[in-house]
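A.B. asks: Provided herewith is a single structure, encoded as structure tokens, for subsequent inquiry.
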Amino acid sequence: MRKLSELIDVEEPAWPELREIVGAGPVSIEVLPPDGSLGKASLLQLQVTARSYLGAVVLHCGGLLVDGGWLRVFGSPADGAAHGVPSLAQVNQFPGAFDAAWRVDSGLVVARDVLGGVFALNGGSPADHGRPGAPGEMVYFAPDSLRWEALGGGHSAWMAWLASGAFDEFYADLRWSGWKEEVQALHGDQGLSLFPPLWSTEARQDLSATSRRSVPMTELLGVARDSCRQFDGVDPGFLGAV
């Protein structure tokens, strides 16, 4: 186990580089104010250094709102200053005090989009949890297919991808006219429930014709998980708390 000072006091910390990448990209990314104490506690629990992008996000920001809040990247938000976006610690159910024995078995949930899509960093044995990809690879739970997809890179590459503009292409078939206004009206712990649902033939034929309403993210993810069990008999596993 490394001490907090060993995790923070590193050569070439990632935050200055990451902040530059986030600010220079074509995609709008809002950096939320951090809670310093929460950031340090989360860094200690994760046992990652501030040299990594993951450590930089956890330590130096309350999270990121990408493309007007379509995607929420979890960090360590200050109370009342994060649009209701939960912390990485809350989403992944970190213990209340440091626990050297605690591990994220299936993977660390690092971000979610408003449709209930989940981005996670694979744990040490993804196949044992029914997930594709290699250990340490980013994966995405797609709400339109109700399946996990391997993204082909680690967390740092994924963060660079978010800021690169490729984000728009990834979601090209999952957006409709007026989506920005609907997303901006959401609280940080809410998502959009579509009917017919995203995975249906009707929604794929005409996404703009679906009806949409704001719901708690926990409700949206619960419906997705139940649908997986019902249709495929497969549980997608942990999609994050709150």
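A.B. asks: Based on what the data block shows, is Arg212 touching a residue at least 24 places away in the same chain (Cβ under 8 Å), of a type outside the set (A, V, I, L, M), open to solvent by 40 Å² or more (accessible area, probe 1.4 Å) and assigned to a strand (DSSP E or B)?
C.D. replies: It is true that Arg212 is touching a residue at least 24 places away in the same chain (Cβ under 8 Å), of a type outside the set (A, V, I, L, M), open to solvent by 40 Å² or more (accessible area, probe 1.4 Å) and assigned to a strand (DSSP E or B).
A.B. asks: Within the stretch 142-159, is there a residue that is in contact (Cβ under 8 Å) with a residue 40 or more places away in the chain, in a loop (DSSP other than H, G, I, E, B), under 24 Å from Ser28 (Cβ atoms) and among the hydroxyl-bearing types (Ser, Thr, Tyr)?
C.D. replies: Checked the stretch 142-159: no residue is in contact (Cβ under 8 Å) with a residue 40 or more places away in the chain, in a loop (DSSP other than H, G, I, E, B), under 24 Å from Ser28 (Cβ atoms) and among the hydroxyl-bearing types (Ser, Thr, Tyr).
A.B. asks: When the stretch 56-81 is examined, which residues are found to be part of a loop (DSSP other than H, G, I, E, B) and of a type in the set (Gly, Ala, Ser)?
C.D. replies: Residues satisfying the conditions are Gly62, Gly75, Ser76, Ala78, Gly80, Ala81.
A.B. asks: So, one more: Given Leu59, Leu54, Leu88, which one is open to solvent by 10 Å² or more (accessible area, probe 1.4 Å) and either within 19 Å of Ala241 (Cβ to Cβ) or of a type in the set (Phe, Trp, Tyr) (or both)?
C.D. replies: Leu54
A.B. asks: In addition: When Trp199 is evaluated against the numbered criteria (1) open to solvent by 60 Å² or more (accessible area, probe 1.4 Å); (2) part of a helix (DSSP H, G or I), which criterion, by number, is the only one it fails?
C.D. replies: (2)
A.B. asks: I would also like to ask the following. Tell me which of these Ser42 doesn't satisfy, since it passes every other one: (1) among the polar types (S, T, N, Q); (2) out of contact with any Lys or Arg (no Cβ under 8 Å at 6 or more places or on another chain); (3) modelled with pLDDT under 95.
C.D. replies: (3)
A.B. asks: Hey, another quick one. Do any residues in the stretch 161-179 that are closer than 14 Å to Val66 by Cβ have Cβ atoms under 6 Å from those of residues that are assigned to a helix (DSSP H, G or I), where the two are at least six apart or on different chains, and which pairs are they?
C.D. replies: Close Cβ pairs satisfying both conditions: Ala163/Ile21; Ala163/Val22.
A.B. asks: While we're on this one: With the requirement that a residue be modelled with pLDDT under 95 and of a type in the set (D, E, K, R), what does the stretch 68-98 give you?
C.D. replies: Asp79
A.B. asks: Here is a further query. Within the stretch 91-127, take every residue that is polar (S, T, N, Q) and part of a loop (DSSP other than H, G, I, E, B) and give me the one that is surrounded by the most Cβ atoms within 10 Å (Cβ to Cβ).
C.D. replies: If we take residues in the stretch 91-127 being polar (S, T, N, Q) and part of a loop (DSSP other than H, G, I, E, B), then Asn92 is surrounded by the most Cβ atoms within 10 Å (Cβ to Cβ).
A.B. asks: Something else now. Kindly indicate which of Gly165, Gly178, Gly240, Gly233 is closer than 19 Å to Gly107 by Cβ and open to solvent by less than 70 Å² (accessible area, probe 1.4 Å).
C.D. replies: So the residue among Gly165, Gly178, Gly240, Gly233 that is closer than 19 Å to Gly107 by Cβ and open to solvent by less than 70 Å² (accessible area, probe 1.4 Å) is Gly240.
The values are calculated or read from the model by the stated rules, or taken from the named source; none is laboratory data. Everything numeric here is computed off the predicted structure, so don't read it as measured data. Every residue, glycine among them, receives a Cβ derived from its backbone with ideal geometry; neighbour counts consider all protein chains shown. When the accessible area is computed, the model is the full protein with side chains, heavy atoms only, and any ligands, DNA or RNA have been set aside. Shrake-Rupley method; radii C 1.70, N 1.55, O 1.52, S 1.80 Å.
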